[in-house]
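Mind having a look at this structure? Questions to follow.
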Amino acid sequence: MDIPRTLIDPQTLAGLEPNAALIVDCRFDLADPEAGERAYVAGHVPGAVYAHLDRDLSDLSQKSRGLGRHPLPDARAFVGTLARWGWRPGLPVVAYDAHAGAIGAARLWWMLRLLGQPAAVLDGGWSAWVDAGLPQQRESPRHPVPDPSALAYANHFNAAAMVDTVDMERLVRDRTALIVDARSPERYRGEVEPIDPQAGHIPGAINRPFSGNLDTEGRFKLAATLRAEWQALLAGVDPSRVVHSCGSGVSACHNLLAMEHAGLGGSRLYPPSWSGWVSQPDRPIERS
């Protein structure tokens with residue numbers, strides 16, 4: 001069975017042959033960084049390994065370089081983490097979290113896309129799995145000996161799919177891209193800022209909270225619905241000119257995933273996002 005390249009439903013995931021995919025639990029709580037791992041120990045999708053947003057999907061040692069609160073790890077180090085989990089090149093990855101993909105799962109999906117590797121996000125996340133009455137497991141799987149092909153996979157992240165701060169400063173100055181901010185409206189407008197040192201948004205950015213991609217049950221809206229909504233938001237702008245941002249480059253991946261699921265591929269991510277932009281207080285900001 002082929003693995004979808006954007007979203008997978010719980011029943012399809014449950015029906016996969018053993019070892020047909022690497023399943024990764026990405027549950028994480030920004031307010032309690034160890035809560036996700038505790039939840040994983042209490043119960044997870046059978047066979048799933050655990051990915052910690054701070055330790056496995058970020059390199060916090062680079063925060064002082066103005067790369068935001070969740071800087072990307074080195075590609076080689078990330079591949080090493082995947083190898084320890086039992087991944088090999090070409091093995092699809094299915095990621096899930098407790099936030100319908102917005103905290104961790106979409107980030108892992110996007111990082112694998114940067115390596116040119118197949119991945120999908122469990123639609124509805126852990127809640128959808130539980131609501132479907134599917135099996136849970138408490139034991140952690142044994143990590144196998146890393147596959148030699150994985151250890152030798154020294155690919156790099158696709159730089160063309162990202163925008164760094166130098167690029168973003170130029171895009172803001174020239175207004176040659178449509179910046180889409182995935183944060184909540186009140187954070188976008190600068191009315192509140194619970195995490196970062198300044199409130200507001202990158203000049204020229206428009207707001208599309210990631211929650212707008214979901215229906216009332218916490219699942220992604222139908223692809224056709226997402227396509228219509230995003231096309232209305234883009235107002236004729238080609239997806240290749242769209243740059244996604246959020247607080248630290250995590251929930252913005254949810255918007256990128258939604259566009260891909262809607263058939264609007266080619267947009268890019270600004271990984272440092274707002275936390276990286278305001279790391280230098282003299283950069284311009286907007287509040288509205």
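The values are calculated or read from the model by the stated rules, or taken from the named source; none is laboratory data. A quick note: this is a predicted structure, and the numbers were derived from the prediction, not measured. With ideal geometry, Cβ positions are generated from the backbone for all residues, glycine too; neighbour counts draw on all protein chains shown.
Which of the residues belonging to segment 225-266 are part of a loop (DSSP other than H, G, I, E, B), on the phi < 0 side of the Ramachandran plot and surrounded by fewer than 24 Cβ atoms within 10 Å (Cβ to Cβ)? It would help to see each step written out before you state the result.
Residues of segment 225-266 part of a loop (DSSP other than H, G, I, E, B): 235-238, 246-251, 262-266.
Next cut, on the phi < 0 side of the Ramachandran plot only: 237-238, 246-248, 250-251, 262, 264-265.
Within segment 225-266, V237, D238, A262, L264, G265 meet the criteria.
Residues to consider are D54, D74; find the one that is farther than 22 Å from L7 by Cα, touching a Pro at 6+ places or on another chain (Cβ under 9 Å), outside the structural domain of H261 (by TED's automatic domain parsing) and surrounded by fewer than 24 Cβ atoms within 10 Å (Cβ to Cβ).
None of the other options fit; the residue is D54.
If you scan segment 169-226, which residues turn out to be of a type in the set (D, E) and under 19 Å from the mean Cα position of the chain (by Cα)?
Residues satisfying the conditions are D181, D215.
Taking the condition of being in contact with a Gly (Cβ under 8 Å, 6 or more places away or on another chain), within 23 Å of M162 (Cα to Cα) and surrounded by fewer than 23 Cβ atoms within 10 Å (Cβ to Cβ), how many residues in segment 80-131 meet it?
Going through segment 80-131 one residue at a time, the tally reaches 2.
Which members of segment 15-51 meet the condition of being of a type in the set (A, V, I, L, M), over 21 Å from P89 (Cα atoms), surrounded by 14 or more Cβ atoms within 10 Å (Cβ to Cβ) and out of contact with any strand residue (DSSP E or B) (no Cβ under 7 Å at 6 or more places or on another chain)?
Our first condition is that a residue be of a type in the set (A, V, I, L, M); within segment 15-51, this holds for 16, 20-24, 30-31, 35, 39, 41-42, 45, 48-49, 51.
Now restrict to residues that are over 21 Å from P89 (Cα atoms): 30-31, 35, 39, 41-42, 45.
Remaining after also requiring surrounded by 14 or more Cβ atoms within 10 Å (Cβ to Cβ): 30, 35, 39, 45.
Those that are of a type in the set (A, V, I, L, M), over 21 Å from P89 (Cα atoms), surrounded by 14 or more Cβ atoms within 10 Å (Cβ to Cβ) and out of contact with any strand residue (DSSP E or B) (no Cβ under 7 Å at 6 or more places or on another chain): L30, A35, A39.
Checking H156 against (1) in contact (Cβ under 8 Å) with a residue 60 or more places away in the chain; (2) part of a loop (DSSP other than H, G, I, E, B); (3) closer than 21 Å to L30 by Cα, only one condition comes out false. Which one?
Only one criterion in (1) in contact (Cβ under 8 Å) with a residue 60 or more places away in the chain; (2) part of a loop (DSSP other than H, G, I, E, B); (3) closer than 21 Å to L30 by Cα is unmet by H156, namely (3).
For residues that are closer than 18 Å to S127 by Cα and in contact with a helix residue (DSSP H, G or I) (Cβ under 9 Å, 6 or more places away or on another chain), tally how many sit in segment 7-41.
Looking only at that region, the number is 13.
Quick check: is even one residue across segment 205-215 surrounded by 14 or more Cβ atoms within 10 Å (Cβ to Cβ), in contact (Cβ under 8 Å) with a residue 40 or more places away in the chain, of a type in the set (A, V, I, L, M) and part of a loop (DSSP other than H, G, I, E, B)?
There is at least one residue in segment 205-215 that is surrounded by 14 or more Cβ atoms within 10 Å (Cβ to Cβ), in contact (Cβ under 8 Å) with a residue 40 or more places away in the chain, of a type in the set (A, V, I, L, M) and part of a loop (DSSP other than H, G, I, E, B).
Do you know which residues across segment 124-145 are under 18 Å from G36 (Cβ atoms) and either in the same structural domain as L222 (by TED's automatic domain parsing) or part of a helix (DSSP H, G or I) (or both)?
If the condition is that a residue be under 18 Å from G36 (Cβ atoms) and either in the same structural domain as L222 (by TED's automatic domain parsing) or part of a helix (DSSP H, G or I) (or both), then G125, W126, S127, A128, W129, V130 are the ones that fit.
State whether the residues of segment 185-204 include one that is crowded, with 18+ Cβ neighbours inside 10 Å, under 19 Å from A98 (Cβ atoms), among the hydrophobic types (A, V, I, L, M, F, W, C) and in contact with a strand residue (DSSP E or B) (Cβ under 8 Å, 6 or more places away or on another chain).
no
Given the structure, is H244 within 26 Å of Q62 (Cα to Cα), touching a helix residue (DSSP H, G or I) at 6+ places or on another chain (Cβ under 7 Å) and of a type outside the set (K, R)?
yes
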